[in-house]
Amino acid sequence: MLGFDAFSYVFLLLILLGVLPNLFYTFGYLSHIQRKAYFLINYFAFIFAMIGVVVTDKILSFLFFWELMSLTSWQLILTEPNKESLKAARFYFFMTHFGFVFILVFFLLLSHNNLMASFDSLDDSIASFKYPTFLFFLLIFGFLSKAGVVPLHVWLPYAHPAAPSSVSALMSGVMLKVAIYAFLRFLFLIPHWELEWGIIILFLGSISSLVGVLYALSEHDIKALLANHSVENIGIILIAIGLGMIFHTLKLDTLSAFSFIAAIYHTFNHMSFKSLLFMGAGSILYQTHTKNMEQYGGLIKTMPITAFTFLLAAISISAMPPTNGFLSEWMIFQSMLSSASISDIALKLSFGFTIFALALTSGLAIACFVKAFGITFLGLARSQNAKHAKEVNILMLVGEILMALIVIGLMAFMPSIVKLINLALPLPYIYHKIFPNYLIMHSLANNYGAVAPLILLGTLLLITLSFVLIYKLLHPKIRLYHTWACGYNTNASMQYSTTGFAGPIRRFFAWLYKPMVHTHKETVFGHKTKFKKSLYEVHVKPLFEESLYEGVKKLLYKLSYLVYKISHFEKGRYSALIFNLLIFILFSIRVFYHQITWGSVVLEITIVAIFIAIILFGERK
C-alpha cells in the first residue's frame, strides 16, 4: 500500500512543513470554532489523507486517500454552517467530484480492471495506449481542477473564505500542491509528450496567473483576495511545468530539468507564504469579526507580530528580492529567456505571451498587496472592532512565527532544497550547473544571469536592523503636531478604500470585470448637497461563473426537462432515444479500439439516422 520514492519524499516534506505550524495555529484558533470535536476529527483525517496520497503506490489506495481528502475538506468547509458556507460546500463538492470522474476513467482505462495494481504496472499500459493525448486531458480535468486552474478554478473564491482560517491555510498551501504532485506523478509515467501539450499547459498557466491576480485586485474580502492569488500562483507553477514539457519535447533536457525544479521550488514557496497569509487573515478575522478590509485599518499598532509576518509573506508573494518568491520566479523568468535560441515561430509567440503575462502578473501582485497590507494595517481604524483589536493568543502567534521562519528558511537553504528536488526528478542532474558554489545561483540562459540568495538575505537583515536602530534613536517621544488636512480634522473616511485603490485598474479591465456600481446617500434635512452618510460600492461579476457555468447549468436544465417530457409523455420517441444512445456508445467503443470497417460505419450511421428521425418527427402528445 505504501511506496515511498524520492518524489514522494519531496512532497511529504512539503506537507509536513505546511502542517506543523498549522497545528499550533489551529489549537489557538479552536476557541473561535463551535463544533470542536466535529472539526478536529475532519481536520486530522484531512491531514492523514493528504499524506496518504503522496506515499501510496497502489491505485485503489490512491483513490481512497484522494476521495478522503476531498470529503474531509468538504466537511471542514461546513464547520460553521451558514448560507455562505453551504453554497461554497455545494460548489466545492460538485467540482471535486467532477474531477474525480476523470481520474477514475484514467485508471479504469489503464489498470485492466485491476485497481489493486501498483503505479509501476501502468507503464506498459500507458506505452501501448493508442490515444496518449486523451490521457493527458484526463490528467488536466482530473487533477488540475483540484489545483484550481482556470476555468476550473471557480470553487476557490467560495471555499477558502467559507472555511475556518487554519483550514484555508491547509487547503490553499498544501492541498493544491498535492494536486500538482498527482498531475506530475502520472505525467512522468507517459513516455512521450507532444509539443502541443506543453503549449496547452503554458497557456493555461498564463491565463490562470492573469485572471487570478486581476480578480484578487477587485476583492474587498481578504480571504477571497488570497484565494484568487492561489489561482495566480498555480498559474505560475503551470508556466514552469509547461516550459519544462516543451524543453523536454525538444530534447533540451538540461533546460527541462531547470524549469521543473523552478516549478516544484515555487510549490514550496507558495505553500509557505500563502499559509502565512491565511494565518494572518485568520488572526485579523479572529479579532475584528469581519473579512471586509473596509472595516480594518491601523492594526499594525495593536497587532504588530501579525503585521510583521503578514508583511513578510506579502513581500514574498509579490516576488520582491530577496525573498523566496523572488528566487523561484527569477528561475522561471530565466527558463523563458533560455528559449531565445528556439526558432519555431509558434513557440516564440507562446513564450512572448507568457513573458508578458508573468511580468504583468508580478506587477499587479505588488499593487494588490500594497492595497491589502496598507488598508489593513496602516492608517486609522475604520471600525470600532479594528480600533479595539489586540494581538492573538500565544499558540496562534507561534504558528505564524514558525511559518515565517519556514519562509525565510526556504530562501536561506535554497541550494539544499534545489538539490533535493533535482534528485527526485526523473531528469538530468544539473545541481552543480545551477550552484557552482553554495552562495551563487546561475541560470542556464544564454546571458548567464546569476543571483546570490544568502548575500541578498544578509543584506536585507542589515538594512532592516539599520532602520530599526535609526527609528529607535531618532523617533521623538512626544508628537508635537497633529495631522492637518486643509483645516479639517483627519478621520478614517478620508483614507483610501479598497474600491478607490483598485479603481484605475478596474476601469482599464472593465471588459473583464463588468463592474456593478451601488450607491446610497442619506441627506441632512432633505438638502441635496449635504450628506449624513454616503456609500459607494463596486461589485465585480465572476466572468467564468456567469458566462460558462451558468450557461452549462441552463443547458442541462433544458436537456433534463426535454428527457423528462419525452420519457413521461412520448414513449415511442423515448425508446428510440435510448436505442440511439446504445448504438452511439457501442460505435464509440469500436472506434476507440479500431474494430471497425467502412461497411459497418455506413450501416450504423443509417440506423442512427432512422432513430433520430423517429425522435424528431415521432408521434407527439
request  = Please name all residue pairs, on different chains or six or more residues apart, with Cβ atoms under 8 Å, provided the first residue is in the range 367-380 and is under 18 Å from HIS289 (Cα atoms) and the second residue is of a type in the set (D, E, K, R).
outcome  = ILE375/GLU294
Matching residues, the range 88-104, being without any contact (Cβ under 8 Å) to a residue 60 or more places away in the chain and either within 11 Å of ILE77 (Cα to Cα) or in contact with a Cys (Cβ under 8 Å, 6 or more places away or on another chain) (or both) = ARG90, PHE93
Scope the range 318-346; condition part of a helix (DSSP H, G or I), small (Gly, Ala, Ser) and in contact with a Phe, Trp or Tyr (Cβ under 8 Å, 6 or more places away or on another chain); matching residues = GLY325, SER328, SER335, SER338, SER339
task = Please find, among MET303, MET320, the residue that is among the aliphatic types (A, V, I, L, M), in contact (Cβ under 8 Å) with a residue 24 or more places away in the chain and surrounded by 20 or more Cβ atoms within 10 Å (Cβ to Cβ).
result = MET303
request  = Output the qualifying pairs, or none if there are none: Cβ atoms under 9 angstrom, residues six or more apart or on different chains, first residue in the range 262-280 and assigned by TED's automatic domain parsing to the domain that holds ILE234 and over 19 Å from ILE239 (Cβ atoms), second residue in a helix (DSSP H, G or I) and among the acidic types (Asp, Glu).
outcome  = LEU276/GLU400; MET279/GLU400; GLY280/GLU400
inquiry  = Testing ILE342 on (1) among the aliphatic types (A, V, I, L, M); (2) closer than 15 Å to ILE239 by Cα; (3) over 25 Å from the mean Cα position of the chain (by Cα), one condition comes back false. Which one is that?
reply    = (2)
request  = Please go through the range 133-180 and pick out each residue that is of a type in the set (A, V, I, L, M) and under 20 Å from ILE207 (Cβ atoms).
outcome  = LEU139, ILE140, LEU144, ALA147, VAL149, VAL150, LEU152, VAL154, LEU156, LEU176, ALA179, ILE180
ask   = Which condition number does ILE41 fail, the rest of (1) of a type in the set (Val, Ile, Thr); (2) over 24 Å from PHE102 (Cβ atoms); (3) surrounded by 15 or more Cβ atoms within 10 Å (Cβ to Cβ) being met?
value = (3)
message = Let me spell it out: the conditions are (1) touching a helix residue (DSSP H, G or I) at 6+ places or on another chain (Cβ under 9 Å); (2) assigned to a helix (DSSP H, G or I), and LEU115 meets all of them except one. Which number is the exception?
response = (2)
task = Would you be able to tell me the number of residues in the range 284-294 that are in a helix (DSSP H, G or I) and modelled with pLDDT of 85 or more?
result = 6
message = Just to be sure I understand, how many residues within the range 339-356 are touching a Ser or Thr at 6+ places or on another chain (Cβ under 8 Å) and under 15 Å from ILE241 (Cβ atoms)?
response = 2
Among the residues listed as LYS251, LYS291, the single one being among the basic types (Lys, Arg) and within 22 Å of LEU195 (Cβ to Cβ) = LYS251
query = Of the conditions (1) in contact with a Gly (Cβ under 7 Å, 6 or more places away or on another chain); (2) closer than 22 Å to SER145 by Cβ; (3) of a type in the set (Gly, Ala, Ser), SER256 fails just one. Which one is it?
reply = (2)
inquiry  = Criterion first (closer than 22 Å to VAL418 by Cα and either outside any helix (DSSP H, G or I) or of a type in the set (Phe, Trp, Tyr) (or both)) does ALA263 satisfy it?
reply    = no
request  = Tell me, yes or no, whether the range 187-201 has at least one residue that is assigned to a helix (DSSP H, G or I), more than 11 Å from the chain's Cα centre (by Cα), over 30 Å from ARG507 (Cβ atoms) and acidic (Asp, Glu).
outcome  = yes
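The values are calculated or read from the model by the stated rules, or taken from the named source; none is laboratory data. Every value quoted in this text rests on a predicted model; they were computed, and no experiment measured them. Because the Cβ atoms are built from the backbone with ideal geometry, glycine has one as well, and the counts that use them run over all protein chains shown.
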